[in-house]
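Below is one structure; the comments refer to it alone.
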Amino acid sequence: MNDFCPPGKNRWPELVGIEARIVEKIIKKENPNVGIVQIFLAGSPVPLDFSCHRVRLFVNINDVVVSIPWTG
């Protein structure tokens, strides 16, 4: 969580274990400030920049979310 981000939900632990495309729709519905949802295979390197308007989903080979999605 970042104190500089607009108010709204910014963590979704309840979505671990769900298919990424479904998770993306839920996140965008629950936080309209999120405009970008990126999907990465778990363990992939990602840039360390921060954005309040982005959520990165880390998935397994079955496209299932394996870690808690959060804004950043």
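Applying a DSSP loop filter and a limit of 16 other Cβ atoms within 10 Å to the chymotrypsin sites (Phe, Trp or Tyr not before Pro) in the stretch 27-61 leaves Phe50. The GNM of the chain, with springs linking C-alpha atoms under 10 angstrom apart, assigns the highest mean-square fluctuation among Pro13, Pro32, Pro47 to Pro47. If R0 is taken as 25 Å, the Cβ-Cβ distance between Glu19 and Trp70 corresponds to a FRET efficiency of 0.85. Taking amide H atoms as placed 1.01 Å from N in the peptide plane, the amide H of Trp70 lies under 5 Å from those of Arg56, each 5 or more residues away in sequence or on another chain.
Which trypsin sites (Lys or Arg not before Pro) does the chain hold that lie in a coil by DSSP with at most 14 other beta carbons within 10 Å? Walk me through the numbers on the way to the answer.
Numbers: sites: Lys9, Arg11, Arg21, Lys25, Lys28, Lys29, Arg54, Arg56; in loops: Lys9.
The qualifying sites are Lys9.
Within the chain, all pairs of alpha-carbon atoms sorted by distance into 10 Å bins from zero give the percentages 21, 56, 22, 1. GNM on the chain, alpha-carbon springs under 10 angstrom: the most fluctuating residue among Leu41, Leu57, Leu15 is Leu41.
Per-residue ellipticity at 222 nm, computed for the chain from helices alone with -39500 (n - 2.57) per DSSP H run of at least four residues, works out to -4500 deg cm²/dmol.
Projecting label points 7 angstrom from Cα along Cα→Cβ for Asn62 and Ile36 puts them 3.0 nm apart.
For the chain, the carbon plus sulfur part of the accessible surface works out to 61%, probe radius 1.4 Å.
Under a GNM of the chain (C-alpha, springs under 10 Å), which listed residue has the highest mean-square fluctuation: Val34, Val46, Val59? Top of the fluctuation ranking is Val46.
The values are calculated or read from the model by the stated rules, or taken from the named source; none is laboratory data. This structure is a prediction, so every number in the text was calculated from the model and none was measured. Because the Cβ atoms are built from the backbone with ideal geometry, glycine has one as well, and the counts that use them run over all protein chains shown. All accessible areas refer to the heavy atoms of the entire protein, side chains included, with ligands and DNA or RNA removed. Shrake-Rupley method; radii C 1.70, N 1.55, O 1.52, S 1.80 Å.
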